[in-house]
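S.K.: Submitted below is the structure of interest, expressed as structure tokens.
Please treat every number below as a calculation from the coordinates, not as lab data. Bear in mind the structure is a predicted one, so any value in this text is a computation, not a measurement. For neighbour counting, all protein chains shown are included, and Cβ atoms are generated from backbone atoms with ideal geometry for every residue, glycine included.
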Amino acid sequence: MFLVRKLVLAHFWVAFVAFFAAIVLGAWQMYVRSPLSAWINNPEHYYRSVTGHGTVMAYVLPTLVAMGFGYAIAELALKRPLIGIRWAWAGFWLVIAGTVIAALTMAAGKASVLYTFYPPMLASPLYYIGIVLVVVGSWIWVALMSINLHAWRKANPGATVPLAMYGNVAGAYLWAWTSVGAAVEILVLILPASLGLTDTINAGLARVLFSWTLHAIVYFWLMPAYIAFYSLFPGAIGGRLYSDTMGRVAFALFLVFSMPIGIHHLFADPQVGAGFKFVHAAMTAMVSIPTLLTVFTIVATAEIVGRLRGGTGPFGWVKALPWSNPMMLAVAYAFIMLGFGGAGGLINMSYQLNESVHNTQWVTGHFHLIFGGTIVIMYFMVAYALWPQLRNSPPLPSGLMRIQLTLWFVGMMVLTMPWHLVGLYGAPRRMAYYDYTHPALEPQAITVTISAIGGFVLLASAALFLYILASARRQADSVPAVAFSVAVHPNSKPPAVLNGFALWVAMMVALTLVNYGYPIAQLAMTPQANVPVIPIGAR
């Protein structure tokens, strides 16, 4: 029995309705900053929109999807009722309360700070209080995932933790640790200044603390997508997972390598030493390892299916794959966008090459391919996979799903490729207006127009996604439970170190403290880093 059905549905509905609102804001932003639109009278409206779009996409959508999917995994993979369901609802309502408070503050124009918490710009304290409530609600989820795993292990001594639950708890632990940076920044530095208790703020320290969260949060966003790769994809296309152990290695390495790398976002920051910038750049290269392992494992899984379906020769198996299956299509699209986005990330992590693209539209293109592309398209598939059981409905229409997924892929590619190009030209991001009649900008007009068209294709895809979910009708017959994939060798036990988290969490904490300890201590003891605050509706 699926006891958490209402809980998961609540998380998903709020996440995806908020997501659609954010897509509307994003499409509007693309329109008003393109040659298709006249210059908006009040640029602050643009920055208000960017803040709302980014806050939903960065904090609300992935947090609610991870929480809802996590609760479903805890019950379905462990095959036991969720412990602490009342606490789970309390966490959900905290997230809702925080979202509403932050949204109202942004709508009132008192929080147009672009969601990145970079002082000395300060929003109203209500905005930060809203974000804190979202994080606290998610911490309840982290605690419940740990408690449920502990209870299951106590009842099943020596048993192998199901891979989906292993990845789920890895994502929870990663989020618990990476959120500490932004939480400390808000509670210790930003909120006192926003409340008017101090007129200055240590901007350098705040940026380093936010970098603690800034990049590792991407892998928290990725975790549900990677769980879908490993636990939903193989069974959906009629096969088995190539290697259960490889999946565990990938989840464990995300814990180790995704945390101590955020200072590569501060290459242009003069208050951080070159030595630590180099260390973080080198560590950033290491985080590609779990992704490469995942691509190999999932492609190998697909090859097994293709050859069992009659595919021969070096690439005949590709043609034999079930391309009419929405999951097959989504994963192919996800990997293509991950490849382009990852290649752009190699440029961003390079100290020398970053100089050419820093704070340009190139960065926006890279970011949207990874998050808006790979991650979001797999969020769609998580919802599609769970929806029949959540709604007790027949299977969703595969034809409409394929159209929706293809629109999302095409829209994202059309949106982001021109961004990379104009970024190489030096076009800055986060600008409300460009004068495309200027000789220096006139050649960019066509590329920006193409990007805007891509934004509206994405809007159409998002609308179709909500329509597919909303049109699912309940039926009297019971629906088969979601079945997580099994490995090619299902009875092989993983090494003990890959059936728990003690070593990997210890390494995560240790590497973070080594890579961040000195810069944080140095800036905390540097009074010259304090600068006057710039309140934007803060007081």
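S.K.: Excluding Met106 itself, what net charge comes from residues whose Cβ is under 15 Å from its Cβ, given Lys and Arg +1 and Asp and Glu -1?
M.R.: Once all neighbours under 15 Å are counted, the net charge is +1.
S.K.: Give me the number: length gained by fully extending Ala481 to Leu424, i.e. 0.36 nm times residue separation minus the C-alpha to C-alpha distance, one decimal in nm.
M.R.: Stretched fully, the Ala481-Leu424 segment lengthens by 15.6 nm.
S.K.: With each run of n ≥ 4 DSSP H residues scored as -39500 (n - 2.57), what mean residue ellipticity at 222 nm is computed for the chain after dividing by its residue count and rounding to the nearest 500 deg cm²/dmol? Mind dumping the intermediate values first?
M.R.: Details: 21 runs with 354 residues, N = 539.
Result for the chain: -22000 deg cm²/dmol, rounded to the nearest 500.
S.K.: Lysine pairs in the chain 8 or more apart or on different chains: how many have alpha carbons under 22 angstrom apart?
M.R.: Values: Lys6/Lys79; Lys79/Lys154; Lys79/Lys493; Lys154/Lys493.
The result is 4.
S.K.: How do 152-161, 276-285 rank on mean C-beta neighbours within 10 Å, highest first?
M.R.: The most tightly packed comes first, giving 276-285, 152-161.
S.K.: Now, a different point. Sorted by packing (mean other beta-carbon atoms within 10 Å per residue), highest first, where do 249-262, 187-200 land?
M.R.: Highest-to-lowest ranking by the protection proxy: 249-262, 187-200.
S.K.: Then there's this: In degrees from 0 to 90, rounded to the nearest 10, what is the angle of the helix 502-524 Cα long axis to the longest principal axis of the chain?
M.R.: The angle comes out at about 0 degrees.
S.K.: What list of ³J(HN,Hα) values in whole Hz, one per residue of the stretch 256-266 in order, does the Karplus curve 6.51 cos²θ - 1.76 cosθ + 1.60 (θ = phi - 60°) give from phi, with Gly and Pro shown as x?
M.R.: Coupling constants for the stretch 256-266: 6, 9, 7, 7, x, 9, x, 5, 5, 7, 10 Hz.
S.K.: State the answer as a single residue: which of Met525, Tyr219, Asn392 lies farthest towards the positive end of the charge dipole of the chain, with beta carbon charges of +1 for Lys and Arg and -1 for Asp and Glu, about the Cα centre.
M.R.: Asn392
S.K.: Something else now. Would you mind checking the tilt of helix 445-470 against the longest principal axis of the Cα atoms of the chain, expressed as 0 to 90 degrees and rounded to 10?
M.R.: Compared with the principal axis, the helix lies near 40 degrees.
S.K.: Using alpha-carbon positions, what is the distance between the centroids of the stretch 479-539 and the stretch 307-373, in Å?
M.R.: Answer, in whole Å: 24.
S.K.: Could you give the angle, 0 to 90 degrees to the nearest 10, between helix 288-308's Cα long axis and the longest principal axis of the Cα atoms of the chain?
M.R.: For 288-308 against the chain, the angle is about 30 degrees.
S.K.: Also: Restricting to Cα pairs below 8 Å that are 6+ residues apart, what does the relative contact order work out to for the stretch 233-316? Please round to a whole percent.
M.R.: Details: 67 pairs, mean separation 36.7, N = 84.
Relative CO of the stretch 233-316 lands at 44 percent.
S.K.: Before anything else, pin down the relative contact order of the stretch 5-535: Cα pairs under 8 Å, at least 6 apart, normalised by residue count, whole percent. Numbers along the way, then the final one.
M.R.: Values: 831 pairs, mean separation 109.2, N = 531.
Normalised by residue count, the contact order of the stretch 5-535 is 21 percent.
S.K.: Let me ask something additional. Quick one: 3J(HN,Hα) in Hz for the stretch 67-83, Karplus 6.51/-1.76/1.60 with θ = phi - 60°, rounded, Gly and Pro as x.
M.R.: Values per residue, Gly and Pro as x: 5, x, 4, x, 5, 5, 4, 4, 8, 6, 6, 7, 6, 7, x, 5, 7 Hz.
S.K.: With just the Cα atoms defining each centre, how far is the stretch 417-436 from the stretch 216-255? Give it in Å.
M.R.: 35
S.K.: What residues qualify as long-range amide H neighbours of Leu122, i.e. H under 5 Å apart, gap of 5 or more or another chain, H built at 1.01 Å from N?
M.R.: Residues meeting the amide H criterion: Ile534, Ile536.
S.K.: Of the options Ala172, Gly68, Ala285, report the single residue whose Cα projects farthest towards the positive end of the charge dipole of the chain (beta-carbon charges: Lys, Arg +1; Asp, Glu -1).
M.R.: Gly68
S.K.: While we're on this one: Please list 64-77, 455-468 highest first by mean number of surrounding beta-carbon atoms within 10 Å per residue. Each step should come with its number before you reach the end.
M.R.: Working: 64-77: 26.4, 455-468: 19.1.
Ranked by mean Cβ neighbours within 10 Å, highest first: 64-77, 455-468.
S.K.: Between Met431 and Leu400, what is the label-point separation in nm under the 7 Å Cα-to-beta-carbon projection?
M.R.: 4.2
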